[in-house]
1. Within the stretch A:34-59, which residues are open to solvent by less than 70 Å² (accessible area, probe 1.4 Å), more than 7 Å from chain B (Cβ to nearest Cβ) and either touching a residue at least 24 places away in the same chain (Cβ under 8 Å) or part of a loop (DSSP other than H, G, I, E, B) (or both)?
2. With the requirement that a residue be open to solvent by less than 30 Å² (accessible area, probe 1.4 Å) and more than 10 Å from every other protein chain (Cβ to nearest Cβ), what does the stretch B:147-175 give you?
3. Do we have any residue at all in the stretch B:99-108 that's open to solvent by less than 50 Å² (accessible area, probe 1.4 Å), assigned to a loop (DSSP other than H, G, I, E, B), under 18 Å from B:ALA126 (Cβ atoms) and at pLDDT below 85?
4. Among the helices (runs of 4 or more DSSP H) confined wholly to the stretch B:1-93, which include 3 or more residues that are closer than 22 Å to B:ALA135 by Cβ?
5. Inspect the stretch B:53-64 for any residue being crowded, with 21+ Cβ neighbours inside 10 Å, out of contact with any Gly (no Cβ under 7 Å at 6 or more places or on another chain) and not basic (Lys, Arg) and give the result as yes or no.
6. Among the residues in the stretch B:19-31, are any more than 12 Å from the chain's Cα centre (by Cα) and either more than 21 Å from A:LEU53 (Cα to Cα) or of a type in the set (Ser, Thr, Tyr) (or both)?
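The values are calculated or read from the model by the stated rules, or taken from the named source; none is laboratory data. Just so we're clear, the structure is a prediction, and the values are computed from it rather than from any experiment. Here the Cβ positions follow ideal geometry from the backbone for every residue, glycine too, while neighbour counts run over all protein chains shown. Just the protein is used for accessible areas: all its heavy atoms, side chains included, with ligands, DNA and RNA removed. Shrake-Rupley method; radii C 1.70, N 1.55, O 1.52, S 1.80 Å.
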Amino acid sequence: MKCEWVRIAYRVLPLPPWRAFLLERHIDRCPRCQAQALDDEAILSLGVTPARLHGEPPLRPFASESGRSRGFRPAWRYAFGFFLAAAILGGAFAIWRGVSGEPLPRGIVTVSETEEDARIFAVLEAQIGGEPARPVIFAPGQPGMTIVWFEKIQN
Amino acid sequence: MSEEELIRCARLGDRDAFAGLVSAHEKKLLALCWNMLGDREEARDAAQDALLQAFLNLGRFDAGRSFVRWLLGIGAKRCLDRLRKKRTFLRYFQGHANEWLGGAAPGPEAVAAGEDAGRLLQRLPARERAAISLAVFEGFNAREIAAALGCSESTARVHLFNARVKLKKEVADEM
């Protein structure tokens, strides 16, 4: 009966000090009220304790290492971009050199074909850049195949 | 390095010092969030959130207080915020569940169900759950609970008492 009166008084009394006094003096210490409440040990068994989190992976508020590497990432990105630009420029320069560089010597080969079926021919004259060129004949060993090319005569 | 030195370095922006500072207390923080939210992944998110808040507000930390109590207080507030948002979401979602999904949305109890750890704790109102988690699992007194939850000390005592009574009934009903 006493407990009920205290709880009613707690609800009715508006002043925080009185409420705190009643609670501290009664609810926290009254054996009858405490008997209605679950004790700490039983409550501990209902929840999660830090000891039960032994195998839990650690929380990472922020990776300390990534802070430093983040500073380097843009540099690597720029380096890759620089390398790519250099490769493109280099490729473009090589193509430009190949197209507009020193012109290859123009060669003239005069071939007199004697028999069409037999594919026999003779090189009468060969020039590279207006100068006489030397024919080189290479027979790889396969029947019916002869490779002929011309090269400048080095003085 | 002592806790005071770690706090001083962390205040200057040293993340490694802050990581060292919280590494000793993160299990406590995670356990508190788990007890309050009833879900492991959500608890980890809330704990991460609390750690970030603690780092950002480290300048406001009173060196005369206990760091772990301050950190756990932030964790309790973050969990209460999450529970409030979840309740609002579920209230809205349940209103449209039949229309959208053709079935009822799970309630807070159903969401909490399946988590064995803290299952009975999840049946308590959020503030009572916070009060009992801080008091029993972390050793907070009524004044510290009041400071953490932003209420008066007497209200914190009532939350604690009501939570204990309700838990005893729940345990009795389960048996």
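1. Hit for the stretch A:34-59 is A:PRO57, nothing else.
2. Within the stretch B:147-175, B:ALA148, B:LEU149 qualify.
3. Checking the stretch B:99-108: at least one residue is open to solvent by less than 50 Å² (accessible area, probe 1.4 Å), assigned to a loop (DSSP other than H, G, I, E, B), under 18 Å from B:ALA126 (Cβ atoms) and at pLDDT below 85.
4. Output list reads B:26-37, B:40-56.
5. yes
6. The answer is yes; a qualifying residue exists.
One line per residue, one yes/no per condition, for (1) out of contact with any Ser or Thr (no Cβ under 9 Å at 6 or more places or on another chain); (2) within 11 Å of another protein chain (Cβ to nearest Cβ):
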site: B:LEU29; (1), (2): yes, yes
site: B:LEU32; (1), (2): no, yes
site: B:ASN35; (1), (2): no, yes
site: B:ALA46; (1), (2): yes, yes
site: B:ALA50; (1), (2): yes, yes
site: B:GLY73; (1), (2): yes, no
